[in-house]
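Presented below is the structure to which this report refers.
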């Protein structure tokens, strides 16, 4: 049974995972190399919990109790008593591998490791640790407190006990589990990111402007958010990383990243987090950039 959870990476995903774990009664230690990221994450978690309380979804007492269960730090040594550590760093395989190598000396022999990667091979990441059998993919959707799904992905060496313990944890967090095989980008992003990439090609080829494409998919396909708006929300760098994983992993030209997506990332136009992507977010209302 998992009671003490460690989380590496205090960005949007790491903070969201800490939020749902603490709310479910688990003790959480959130770790990041940047102190500012940790303080921002704690503020964000408290703000989002208060918003839930304001809507009557949780009690005010639940906010205080959840916040009291969260500790933060910059040292992996604090994971010594963790039952499970979830790696939620940036979607970059080299970065994740270095984090995992540095993590394992600090863990107990029984501790499990999960990665929140949205596309990278679980088998490859597990192989850099000392416990491939205790390693699994646990892909949360963004924003974590709102989205109901968790993709669980076994590497080739993942033990059945590891899978069952992490599945039970996901269900304790109130999530629905979708089990995916260890293929590039798994299920959600294998389907979603090529659609976003095709929307960028549609823009690149002049078939429609940003607003026309997003309106067409919102009203014509009943999507809650247009694909270019969604790309900005995800982060264009993350979208490009996933497309690279698909293109390199499956060697199929249909997964070739659109040159316009590459250009936006090279320009630093990464979407909402950068203030500019397919939309400009500097004003009161987002304005299309093309």
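Take residue 250 and tell me if it is touching a residue at least 24 places away in the same chain (Cβ under 8 Å) and within 27 Å of residue 12 (Cα to Cα). Walk me through it before giving the result.
Working: touching a residue at least 24 places away in the same chain (Cβ under 8 Å): yes; within 27 Å of residue 12 (Cα to Cα): no.
When the stated conditions are applied, residue 250 does not pass them.
Restricting attention to segment 144-196, the residues being in contact with a strand residue (DSSP E or B) (Cβ under 7 Å, 6 or more places away or on another chain), buried (at least 17 other Cβ atoms within 10 Å of the Cβ) and closer than 20 Å to residue 52 by Cβ number 3.
Of the strands (runs of 3 or more DSSP E) lying entirely inside segment 5-88, those containing at least 2 residues that are under 24 Å from residue 137 (Cβ atoms) and in the same structural domain as residue 139 (by TED's automatic domain parsing) are 27-31, 84-87. Note on segment 17-40: residues that are touching a residue at least 40 places away in the same chain (Cβ under 8 Å) and in contact with a strand residue (DSSP E or B) (Cβ under 7 Å, 6 or more places away or on another chain) amount to 10.
The residue of segment 94-142 that is surrounded by the most Cβ atoms within 10 Å (Cβ to Cβ), among those that are more than 20 Å from residue 17 (Cβ to Cβ) and in contact (Cβ under 8 Å) with a residue 40 or more places away in the chain, is 121.
Whether any residue in segment 124-138 is modelled with pLDDT of 95 or more and closer than 24 Å to residue 52 by Cβ is what I want to check. Break it down stepwise before answering.
So in segment 124-138, the residues modelled with pLDDT of 95 or more come out as 124-138.
Now narrow it down to the ones that are closer than 24 Å to residue 52 by Cβ: 138.
The answer is yes; a qualifying residue exists.
For segment 201-256, give me every one of the helices (runs of 4 or more DSSP H) that falls completely inside it and has 1 or more residues that are within 25 Å of the chain's Cα centre (by Cα) and more than 15 Å from residue 278 (Cα to Cα). Break it down stepwise before answering.
Values: elements: 210-220, 227-234, 236-250.
Result: 210-220, 236-250.
The values are calculated or read from the model by the stated rules, or taken from the named source; none is laboratory data. Here the structure is a predicted model, which is why all the values come from computation and not from measurement. Cβ: placed from backbone, ideal geometry, glycine included. Neighbour counts: every protein chain shown.
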